1. Could you please give the count of residues in the range 191-212 that are among the β-branched types (V, I, T) and in contact with a helix residue (DSSP H, G or I) (Cβ under 8 Å, 6 or more places away or on another chain)?
2. With a cut-off of at least 1 residues that are among the small types (G, A, S), closer than 30 Å to A120 by Cα and touching a residue at least 40 places away in the same chain (Cβ under 8 Å), name the helices (runs of 4 or more DSSP H) lying wholly within the range 204-319.
3. Among the numbered criteria (1) outside any strand (DSSP E or B); (2) at pLDDT below 95; (3) closer than 21 Å to L119 by Cβ; (4) within 20 Å of the chain's Cα centre (by Cα), which one does S187 miss?
4. One residue is enough: does the range 3-20 have a residue meeting the conditions closer than 19 Å to D259 by Cβ, at pLDDT 95 or above, out of contact with any Pro (no Cβ under 6 Å at 6 or more places or on another chain) and surrounded by fewer than 20 Cβ atoms within 10 Å (Cβ to Cβ)?
5. Can you tell me how many residues in the range 102-141 are surrounded by fewer than 16 Cβ atoms within 10 Å (Cβ to Cβ) and at pLDDT below 95?
Amino acid sequence: MKNRFTALGVAALLLAAPAHAQQLSIATGGTGGVYFPYGGGLAEVINTHVDGATASAEVTGASVENVALISRGDSDLALALADTVYQAFHGEGAFEGRQVDELRALASIYPNALQIVTLADSGITSIDDLRGQRVSVGAPGSGTEVSAQTLLAANGITYDDFTPERLNFNETADALRDGDIVAGFWSVGPPTSSIMNLATTRSIRIIALTEEQIAAAIEAEPTFAPYTLRAGTYDGMDEGVLTISTPNVLIVHADMDDDLAYNITRAMFENVDELIAIHPAANDTTVEFTTDSTPIPFHPGALRYLEEVGASVQDHQRP
């Protein structure tokens with residue numbers, strides 16, 4: 001899939017913006033995933049529809065790093081997986097002893113499907129086959145690695161059972177293509193360009209999870225949900241594949257100006273067609289998905305918009 005967002009395009013938009021406009025940084029992920037094009041599309045929406053603000057998308061290590069960027073005030077908005085956001089807000093898991101309770105949500109924007117990819121002739125057909133192998137578990141500081149570790153540990157597999165490689169999406173695809181690893185984890189909205197590109201040069205298999213493996217993962221991480229990758233998502237994928245998904249959350253700092261948070265939230269929901277034109281994952285950017293899936297409190301500005309449109313906000317989503 002070609003995406004319309006380019007650094008040059010953002011630069012042009014920034015040059016055209018008024019000098020007094022507030023500059024916003026959106027922390028995304030690597031260029032081979034969905035976060036970067038989605039963040040670029042959100043920047044375009046802000047530049048076009050939010051008066052007094054301009055935005056640009058920044059390449060990062062994704063979820064875990066993005067939480068830190070928001071906490072330090074180095075980024076204004078960020079995309080992050082719900083399990084990472086939940087753990088950070090409550091000081092659990094990878095964030096034990098370093099709670100980030102100043103996180104607030106503007107929305108949940110689409111679900112990430114955990115996609116475990118191998119080459120069709122590798123002989124790897126289940127996660128149990130990963131034992132003794134060399135496997136990419138995602139970039140350092142990424143939500144992909146958090147999700148991979150949680151799924152595997154819930155099913156009795158630890159890093160002691162295989163050789164983990166911490167590679168970003170493009171690096172994982174290259175390593176699979178070159179035979180340097182036998183499988184790789186992606187936690188990303190399907191379809192994603194790095195897997196699509198791999199599937200045009202190699203025959204791939206998406207490793208399915210069993211219902212029992214999914215149930216064990218959900219018991220360990222309640223933000224997981226069952227998800228079926230549709231047949232035809234990638235070349236050679238003739239049948240649906242059962243896996244798990246995690247919502248992606250658009251997060252900000254609690255100190256963000258209420259009106260700015262309101263205006264960004266409104267602009268995003270009311271111009272979602274512009275995001276869908278950049279990536280189909282934005283088809284899930286709805287008020288309903290947001291109120292069903294967001295695991296932490298909304299920013300007061302976002303909450304104002306949701307209440308204006310009559311959304312049913314859950315108790316844990318109120319500041």
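The values are calculated or read from the model by the stated rules, or taken from the named source; none is laboratory data. None of these values were measured; they are calculated from a predicted model. Note: ideal-geometry Cβ built from the backbone for every residue, glycine included; neighbour counts use all protein chains shown.
1. Of the range 191-212, the ones among the β-branched types (V, I, T) are 192, 195, 200-201, 204, 206-207, 210.
From what's left, in contact with a helix residue (DSSP H, G or I) (Cβ under 8 Å, 6 or more places away or on another chain): 192, 195, 201, 204, 207.
Counting residues in the range 191-212 that are among the β-branched types (V, I, T) and in contact with a helix residue (DSSP H, G or I) (Cβ under 8 Å, 6 or more places away or on another chain) gives 5.
2. Working: elements: 211-220, 258-270, 272-276, 287-293, 300-308.
Qualifying helices (runs of 4 or more DSSP H): 211-220.
3. Only one criterion in (1) outside any strand (DSSP E or B); (2) at pLDDT below 95; (3) closer than 21 Å to L119 by Cβ; (4) within 20 Å of the chain's Cα centre (by Cα) is unmet by S187, namely (1).
4. Let us first name the residues in the range 3-20 that are closer than 19 Å to D259 by Cβ, namely 17-18, 20.
This time we only want the ones that are at pLDDT 95 or above, so: none.
No.
5. 1
The rows are residues; the columns are (1) closer than 25 Å to D284 by Cβ; (2) hydroxyl-bearing (S, T, Y).
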| site | (1), (2) |
| --- | --- |
| A153 | no, no |
| D160 | no, no |
| L167 | no, no |
| P191 | yes, no |
| T246 | yes, yes |
| L250 | yes, no |
